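Working notes for the structure below.
Only the coordinates and a few stated rules stand behind these numbers; no lab work does. Keep in mind that what you see is a predicted model, and the values were worked out from it rather than measured. No Cβ is skipped: glycine too gets one built from the backbone with ideal geometry, and neighbour counts run over all protein chains shown.
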């Protein structure tokens, strides 16, 4: 065995051991994309409103707030990336409740405490047929409800005239259907220091909040000015509740209560801690991928990869005999290096990424075929095995490098201009190109050198 081959072999062993240590256990370390693990894909578009233009800075702040909300919600390895000037694409792997994710992401979460100037009667619940013995009774109940609703609607219309007469007054609806005339804003969510889920003495969920020093002063002044009066708690232009203030509340501590489930209270506390979205957003796309579909994608990808690899192995063994074993070993090392590279770069494996691995397998085999055919040509010209090996590698190397460099350039372009799964494919392909060159130039070269040194009578 030549000295160079010994050093190459040592390098291969070290690289393989490090790669194996990196990927083990692969199921725990490998990050799977939405198409493989299931989850939710959402595309948001920032919308310009009065006083809040959509700028590059506002979109960056939007991404930061969304990331904070999603991280606190406990989503593992979310993908949040900007698309163009005003869009944000979000992949949430492992999410089983897309509606909850949409509410968490899409709500602006602007909180304010406002003065209550007037309140409409609450519209009663509409009658339900099963609560009445006869159709006549149900019809009479419907008529009474329509009459009551008409009176309340007329009352709300009168309230609108007050709004038209005074620009400082605003009419907002409550979560229970009650309309409120609201005046000045005392304090907002920007002065919050803390928000946590809490439960009252009856076990009902709510949100406990605490203001910073400036917010505490404003909140204390608000409660002092509204003793025995209502103070509206407004979230995204909806009055959550309007409790009557019993006394001045110092210290900046308050509670937000309403008809909250525990999940609702958790989401609200997360949104308040993360802060309001700097701009309004519109949901352009909402796509759910079930875990079963993700599992099917993995199985299909693995199946196609194994079939392709099996056919390649069969071809190399049948056509090249003993030389085929070197190609197979180089192929195994390449796949190992690709997986290790994905884990080290903290990249996410997607279904197109699996396609990139399959393409890498083809590139490795193609490189070995070029090497073997050049070696055969040199051996037929009368050179010895080792001389044919050296000469064949030198001639094939230029072609291999040209092919892989052009492929790498294409992958870089895809990564730069692409998004989502396209980038995943580009990353996997880039790692595959580098790994395939290493295996063609180092692994295959070393294995053949060892093989030829121990088989003096071997022919090509």
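Quick notes on this one:
- When the convex hull of its Cα atoms is viewed from all sides, region 70-195 shows a mean projected area of 13.3 nm².
- The calculated FRET efficiency for residue 322 paired with residue 20, based on their beta-carbon distance and R0 = 25 Å, is about 0.45.
- Ranked by the mean number of other Cβ atoms within 10 Å of their residues, highest first, the peptides 310-321, 79-90 come out as 79-90, 310-321.
- The antiparallel fraction among DSSP beta bridges confined to region 111-275 stands at about 95%.
- Prolate/oblate/rounded label for region 111-275 (Cα gyration tensor, a/c 1.5): oblate
- DSSP beta bridges in the chain [antiparallel fraction, %, rounded to 5]: 95 percent
- Cα shape, region 131-195, gyration tensor, a/c 1.5 rule: oblate
- In this simple spin-label model, placing a label point 7 Å from the Cα along the Cα-to-Cβ direction at both residue 71 and residue 11 gives a separation of 4.0 nm.
- FRET efficiency, residue 287 to residue 130 (Cβ-Cβ, R0 45 Å, nearest 0.05): 0.75
- Percent RCO, i.e. relative contact order, over the chain, from Cα pairs under 8 Å lying at least 6 residues apart: 21 percent
- Taking the longest Cα principal axis of the chain as reference, the axis of helix 3-23 is set at about 20 degrees.
- Gyration tensor (alpha-carbon) shape descriptor, region 124-167, a/c threshold 1.5: prolate
- On Cα atoms only, tilt of 351-380 relative to the major axis of the chain in degrees: 10 degrees
- For region 316-431, fraction of C-alpha pairs farther apart than 16 Å, in %: 65 percent
- Per residue of the chain, the DSSP helices (runs of n ≥ 4 H) give a summed -39500 (n - 2.57) that works out to -19000 deg cm²/dmol at 222 nm.
- Gain on full extension, evaluated as 0.36 nm per residue between residue 302 and residue 82 minus their Cα-Cα distance, stands at 76.1 nm.
- The packing ranking, built from the mean of other Cβ atoms within 10 Å per residue, places the peptides 182-192, 324-334, 137-147 in the order 324-334, 182-192, 137-147, highest first.
- Averaging 1/r over each pair of different alpha-carbon atoms in region 39-106 and inverting the result gives 12.4 Å, the Kirkwood hydrodynamic radius.
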